[in-house]
Amino acid sequence: MRRFLAAIASLLLLAGASPTKAATGDEAFPRPYALQPQIRFWKRVYTEVDTNGGLIHDAEHLDVVYETVRMPEGLSGGAFQARVDARKEAYRRMLLSLAEGRRDDLSPDEQRVLQLWPSGVASETLRHAAENVRFQLGQADRFREGLVRSGRWESQIRRTLELNGVPPELAALPHVESSYNPEAYSRVGAAGIWQFMRKTARRFMRVDDVVDERFDPLRSSQAAAHFLAENYRETGSWPLAVTAYNHGAGGVKRAEQILGTEDIATIVRRYKSPTFGFASRNFYTSFLAALDVSSDPERYFGAMERSAPLEFRTYVLPHSYSVGALQHAVGVNLDTLRADNLALRTPFWRGRRYAPAGYALRLPSGHAQGAELALANAPPEPHSEVEVHTRTYRVARGDTLRRIAHRFGVSERTLLAQNQINPHRLRPGTLLTISSVRRVAVAEPVRAELPVARMEPVPADAEPSLTPPPAQEVAPSPSPGNEPVASATAPGTETVSEAPLASTAAPEPASSPTREPVPPAAAPAQDSAGAAEPPAAAPVAQEALPSPSPAEETPQSGAAPAVNDSPAPPSLASSPSEQPAPPSSHPRKAVASAPAESVPAASPTANLDLSAGRYRVDAKGFIEVQADETLGHYAQWLNVSAARLRSLNGLRAGHSVAIGRRLRLDFSRCSHASFEERRLAYHEALRREFFDTFEVAGTEQYVLRKGDTLWSLSRGQVAIPVWLLHQYNPDLDLASLRPGVRVTIPRVQKRGTTESGEARQSEGA
């Protein structure tokens, strides 16, 4: 009878009905015998080895693990990768030797390796295995941190999933995606604990420059419930729905059609596709492993204390607020306010944009007394808009900074901040960006209204959602961020007010105006010439961006590292040994050592104003490519295709562009200002991620030698990210490094460690 009812329910779901009661446990998530080795492998990854080591294994047969690698603390990224490469090569040679038929006089290591394979293993199998040696970075420390964080939201997430017809066990999926880090931001643009891409997220949530609900663990969980339920209706089973979360429902359905089966074990073992790589093939089994570990954490990690469940009340903003007015009205510490409202993005916290009317503001339960009355009584603030006039100027022979500033009616300080130039090294031919700003008062607040929208079904006590109804159906996009990204906060229970959902501010239209409302507190001061003065410069070390990945930057024959045309999703935790080795022909040699000055790490809202000139769009719609950017990023921020950008710039498919190259962009669907906001927010998120783990302990001086490249400088013995090198050397021509030039090299170490050696920054992702 039970099977009969389950069959009826499945038919209803496949016919388009929403799941009303989720199956749970083995009923929803079967564990075929053929997948047991993979489940055991991922349990080892999550519990036995931390990010200072990993497993060397066969990429297809995960029960074949050649070695558990553990590295010394404080090992540089280059040294870490070199050791992994050496061990992988040793096993490759052993397997090739065994494939020649040798079975006598074997060394102890060769005997051990041979015993990992079935008795009488064919030589062809061993030759194939020699090409399949892979390194998997350990995740035990990250997983444990994620378990601690998950206490903040997990109970509410499980309830949200269950009420939307999704098995509550899927609350373990963020352990795989992000280690429950709500501010996780992958290099390809996936964000939040569920690692939603912008395009997919917009079908379920509000995603724009002011409010991005992907970073809100609870609202994004509501979206994840709908997305997973949609995958279930498309694929017909929860194992395939989970796989579709990574690979896309269309790809999973193609696998079903080609193999003629819905059996997850058969699809994992037999389906071959260029896009069905290691990450997709292992996504379901890594989820099952994460489910096992998170269900019984004490068994694997011993006693631990999880974060306290989140308790708050929600208030719908009656009109728009600046950050200063909002904090004054509710009387809550700014850090607490931000921690509870992660959907509000950097432009709001910096005072550049307003929290929109209708935003469901969270306040701690113990600090929410009188907040509703205070919010209602706070008068609307008059907005102001700015007119920005931007032009470019090429420095002529005999020009000085003072002369150029006077000619264009701006201050010298403004020119320096906008262009990041050394006033004593102004060279003919340098292209300067010159912007002047004029404020224009607006009598009434700008407010765009949307119809009230909820995602159904919604719990009766659930908080209001800012999600507007989607304008049209968009094909689902797989989540590209499969690798856990360390640290975050965590899930839990909450109390929510019964306030009705008010109208929300509309997301930015496809073609945005060039004039945007700016809160009064954020308006730039005017200098004597009427130009906007930049804010006071922050310390250089606080301007850090995230370390570029070797997978995204390919050495370009002595030139600057290249930026990929369209980034491929990283594997679940791809091996650093599978990245190109640094082309350093000789070791770097410091000529002078600076005192080990301690440089403060960036705050959670690291200010990019000092270096923002590098991220601006010039008057002709050109930008300069920076580290950790790709054509895929630009296409996403502009709402256009990468093919369109390739066409504009004469780039052939598959060809990359170098850091420092000027590119022309298409602003038909996005304003210059909105593009710049998205670009800065991306880099600020990556900076925060870097400084959560690393700090600069001091600097040393190095004189460039023949053969040095940007790649060898950033990925050599010291192993520092390109953007950090640029921060300490703003006048360095990244595209043309000349022998004899003196370069400042920052020394980087992990937070909380002594400077016994540079901290490892690249962890094999």
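The values are calculated or read from the model by the stated rules, or taken from the named source; none is laboratory data. Keep in mind the model is a prediction, meaning the values are calculated, not measured. Backbone-built Cβ (ideal geometry, glycine too); neighbour counts: all protein chains shown.
Tell me which of these Arg306 doesn't satisfy, since it passes every other one: (1) in a helix (DSSP H, G or I); (2) touching a residue at least 60 places away in the same chain (Cβ under 8 Å).
Unmet for Arg306, out of (1) in a helix (DSSP H, G or I); (2) touching a residue at least 60 places away in the same chain (Cβ under 8 Å): (1).
Considering (1) closer than 30 Å to Leu426 by Cβ; (2) at pLDDT 80 or above, say which one Arg678 fails and leave the rest.
(1)
Yes or no, residue by residue, for (1) crowded, with 17+ Cβ neighbours inside 10 Å; (2) in contact with a Leu (Cβ under 9 Å, 6 or more places away or on another chain):
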site: Asn52; (1), (2): yes, yes
site: Gly74; (1), (2): yes, no
site: Glu89; (1), (2): no, no
site: Arg102; (1), (2): no, no
site: Gln115; (1), (2): no, no
site: Leu126; (1), (2): yes, yes
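When residues of the stretch 281-305 are filtered for being aromatic (Phe, Trp, Tyr) and under 23 Å from the mean Cα position of the chain (by Cα), how many remain?
3
For Ser155, only one of the following conditions fails: (1) outside the structural domain of Asp85 (by TED's automatic domain parsing); (2) hydroxyl-bearing (Ser, Thr, Tyr); (3) surrounded by fewer than 17 Cβ atoms within 10 Å (Cβ to Cβ). What is its number?
Unmet condition: (3).
Search the stretch 205-261 for residues being surrounded by 20 or more Cβ atoms within 10 Å (Cβ to Cβ) and over 18 Å from Leu173 (Cβ atoms), and hand back the single one that is nearest to the chain's Cα centre (by Cα).
Filtering the stretch 205-261 for residues that are surrounded by 20 or more Cβ atoms within 10 Å (Cβ to Cβ) and over 18 Å from Leu173 (Cβ atoms), the one nearest to the chain's Cα centre (by Cα) comes out as Asp212.
Where residues in the stretch 263-280 are under 22 Å from the mean Cα position of the chain (by Cα) and not in a loop (DSSP other than H, G, I, E, B), which of them is surrounded by the fewest Cβ atoms within 10 Å (Cβ to Cβ)?
Step by step, filter the stretch 263-280, then rank; the result is Phe278.
Checking the conditions here, which among Ala229, Ala244 is within 16 Å of Glu177 (Cβ to Cβ), part of a helix (DSSP H, G or I) and of a type outside the set (S, T, N, Q)?
Only one candidate passes the filter, namely Ala244.
Suppose we filter Val599, Val617 for residues that are touching a helix residue (DSSP H, G or I) at 6+ places or on another chain (Cβ under 8 Å), at pLDDT below 75 and surrounded by 17 or more Cβ atoms within 10 Å (Cβ to Cβ); which single one remains?
Val599
Is there a residue in the stretch 158-176 that is of a type in the set (Gly, Ala, Ser) and modelled with pLDDT of 95 or more?
Checking the stretch 158-176: at least one residue is of a type in the set (Gly, Ala, Ser) and modelled with pLDDT of 95 or more.
State all residues of the stretch 44-93 that are small (Gly, Ala, Ser), closer than 23 Å to Arg112 by Cβ and outside any loop (DSSP other than H, G, I, E, B); if no residue qualifies, say none.
Across the stretch 44-93, the qualifying residues are Gly53, Gly54, Ala86, Ala90.
Which of the following residues is in contact with a helix residue (DSSP H, G or I) (Cβ under 7 Å, 6 or more places away or on another chain), hydrophobic (A, V, I, L, M, F, W, C) and modelled with pLDDT under 95: Leu317, Leu310?
None of the other options fit; the residue is Leu317.
Considering only the stretch 140-152, I want to know if a residue exists there that is within 30 Å of Glu110 (Cβ to Cβ), touching a helix residue (DSSP H, G or I) at 6+ places or on another chain (Cβ under 9 Å) and modelled with pLDDT of 95 or more.
Scanning the stretch 140-152 turns up at least one residue that is within 30 Å of Glu110 (Cβ to Cβ), touching a helix residue (DSSP H, G or I) at 6+ places or on another chain (Cβ under 9 Å) and modelled with pLDDT of 95 or more.
Okay, residues lined up against (1) among the small types (Gly, Ala, Ser); (2) touching a helix residue (DSSP H, G or I) at 6+ places or on another chain (Cβ under 6 Å); (3) crowded, with 16+ Cβ neighbours inside 10 Å:
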| position | (1), (2), (3) |
| --- | --- |
| Ser286 | yes, yes, yes |
| Asp296 | no, no, no |
| Arg306 | no, yes, yes |
| Leu326 | no, no, yes |
| Asn333 | no, no, no |
| Leu342 | no, yes, yes |
| Arg350 | no, no, yes |
| Pro356 | no, no, yes |
